[in-house]
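The values are calculated or read from the model by the stated rules, or taken from the named source; none is laboratory data. Nothing here was measured: the structure is a model prediction, and the numbers come from that model. Ideal geometry is used to build each Cβ from the backbone, glycine not excepted, and the neighbour counts take in all protein chains shown. Keep in mind that these areas ignore ligands, DNA and RNA; they rest on the heavy atoms of the full protein, side chains included. Shrake-Rupley method; radii C 1.70, N 1.55, O 1.52, S 1.80 Å.
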Amino acid sequence: MSVNTFNKEINRRISEVAELGKYLWQKGWAERNAGNISVNIQEYMTDELREKLLPTATSVLPLDRAYPSLAGFFFLVTGTGKRMRDLALDPEHNSLMIRVTDAGDGYQMFSLGELVLNIHPTSELPTHLAIHEYLVLKGAKEKTVVHTHPNELISITQIRKFCNEEALNHLLWGMHPETMVIVPDGAGFLPYMLPGSQDIADATLKKFAFHKVIIWEKHGSFAIGRDVFEAFDLIDTLAKSAQIYFQCKSAGFEPEGLSQEKIAELKELSAKFLA
Ligand code: 13P
Ligand code: ZN
């Protein structure tokens, strides 16, 4: 593995994305090319690095809509069609860097290695950029967006009665006390839409005003975090709750769940824990 030396901070993010790829694969959430990851690395782009990189940029590719607040921003993104298990071993050939154009309506690509770039950003780039733009405008500390296909959460959305935020979160919070502590805002729920589209990006974005993690019906989950691990933890915690639900069902009984009263008590604890 020979990732270009950008600087310590950027190299660290490249390694973290690769490490997360390993987790997602080990979790069994990353069949073939499932899932994608992006990191806003703008704060680590020095003038010196920018000058070194810009001559190596590809020609400009258009975006379906403009992201004016991301003009000139650099991101690390996973490549479309790339496997998480390959990303873990070889980030150079499975992820890349992009820079949004000054007009915000296109992007240029940069290789993480010496080789000619034969990789394009994830097909879910519209959703990733929409979320990053929202985070930048909000001045949020979250810099990473993670999308994955957790079996347990997808399975829950195959059950119609859980396909609304109230029922879904009541179920997930009730399976394990940690879930309310770590995900006090609960998960946003998005009814099924065509993946990779601008429509799903716009609809997902609206949900992030209220939640840090969103479940896409019959598809997977999106989460934000200060680093990729924080985003992963949100999804992992929800997935554990869903897993407990299904384990109880497989053992032949209906799980009792925590009462509303106990859930409310945990919400107070969460406010102290996450403060
Ligand atoms: P990409 O390979 O384009 O990132 O797509 C994977 C995916 O999970 C689509 O929702
Ligand atoms: Zn997906």
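Tell me whether the stretch 142-185 comes out rounded, prolate or oblate; compute the Cα gyration tensor, take square roots of the eigenvalues as a ≥ b ≥ c, and use a/c under 1.5 as the rounded threshold. It is oblate, given that a/c is not under 1.5 and a/b is not larger than b/c. Assuming charge only on the beta carbon of Lys and Arg (+1) and of Asp and Glu (-1), the dipole of the stretch 126-275 about its Cα centre is about 160 debye to the nearest 20.
When the Gaussian network model of the chain links Cα atoms closer than 10 Å, the mean-square fluctuations of GLY35, GLY186, GLY257 top out at GLY257. Between the amide H of THR58 and those of MET109, distances stay under 5 Å, these residues lying 5 or more places away or on another chain, with hydrogens modeled in the peptide plane. For the stretch 139-275, the square roots of the Cα gyration tensor eigenvalues, ordered a ≥ b ≥ c, give a/c of at least 1.5 with a/b no greater than b/c, which places it in the oblate category. Each residue of the stretch 93-110 was assigned a 3J(HN,Hα) from its phi angle through the Karplus curve 6.51 cos²θ - 1.76 cosθ + 1.60 (θ = phi - 60°); the sequence is 9, 10, 9, 8, 10, 10, 10, 6, 5, 4, 7, x, 10, x, 8, 10, 10, 9 Hz, with glycine and proline shown as x.
Using alpha carbons only, how many degrees (0 to 90, rounded to 10) separate the axis of helix 125-138 from the longest principal axis of the chain? Between helix and principal axis, roughly 80 degrees. Solvent-accessible surface (1.4 Å probe) assigned to GLU178 amounts to roughly 80 Å². Taking θ as phi - 60° and the Karplus parameters 6.51, -1.76 and 1.60, the scalar couplings of the stretch 63-77 work out to 9, 5, 9, 8, 10, x, 6, 9, 3, x, 6, 9, 9, 8, 9 Hz in sequence order, x denoting glycine and proline.
Taken about its Cα centre, the chain carries a charge dipole of about 260 debye when Lys and Arg each add +1 at the Cβ and Asp and Glu each add -1 at the Cβ. Which one, HIS93, THR122, TYR134, projects farthest toward the positive side of the charge dipole computed for the stretch 75-147 from Cβ point charges (K/R +1, D/E -1)? With unit charges placed on the Cβ atoms, the residue in question is TYR134. Taking other residues whose beta carbon is less than 11 angstrom from the beta carbon of SER38, and scoring Lys, Arg as +1 and Asp, Glu as -1, yields +1. If a spin label sat at a point 7 angstrom from the Cα of ARG65 along the line to its beta carbon, the backbone N atoms of the stretch 130-150 nearer than 12 Å would be those of 130-131, 133-134. Couplings 3J(HN,Hα) of the stretch 233-246, computed from phi: 4, 4, 5, 4, 5, 5, 5, 5, 4, 4, 5, 4, 4, 5 Hz, in residue order, whole Hz [Karplus 6.51 cos²θ - 1.76 cosθ + 1.60, θ = phi - 60°; x for Gly and Pro].
Charged side chains reduced to their Cβ positions (Lys and Arg at +1, Asp and Glu at -1) give the stretch 216-275 a dipole of some 60 debye around its Cα centre.
Coordinate range of the alpha-carbon atoms in the stretch 160-223 per principal axis, descending: 36, 24, 15 Å.
Here the accessible area of the chain is 53 percent carbon and sulfur, with a 1.4 angstrom probe and all protein chains present.
Our estimate of slack between LYS22 and LYS218, defined as 0.36 nm per intervening residue step minus the Cα-Cα distance, is 68.3 nm. What the stretch 108-239 shows is 38 Å² of accessible area per residue, with the surface traced by a 1.4 Å probe over protein heavy atoms.
In the stretch 1-150, taking the dipole from charged Cβ atoms about the Cα centre, the farthest positive-side position among TRP29, ASN11, TYR107 is held by TRP29. Based on protein heavy atoms only, the stretch 28-67 ends up with 55 Å² per residue of surface accessible to a 1.4 Å probe. The label point for THR46 and the one for ARG85, both projected 7 Å from the Cα toward the Cβ, are 3.9 nm apart. Here the simple spin-label model places points 7 Å from the Cα toward Cβ, and for LYS141 and ASN7 these points are separated by 2.2 nm. Of the trypsin sites (Lys or Arg not before Pro) found in the stretch 218-267, those in coil by DSSP whose Cβ has at most 14 other Cβ atoms within 10 Å are LYS218, ARG226. Ordered from highest to lowest accessible area with the whole protein assembly present and a 1.4 Å probe, TRP25, TRP216, TRP173 read as TRP25, TRP173, TRP216.
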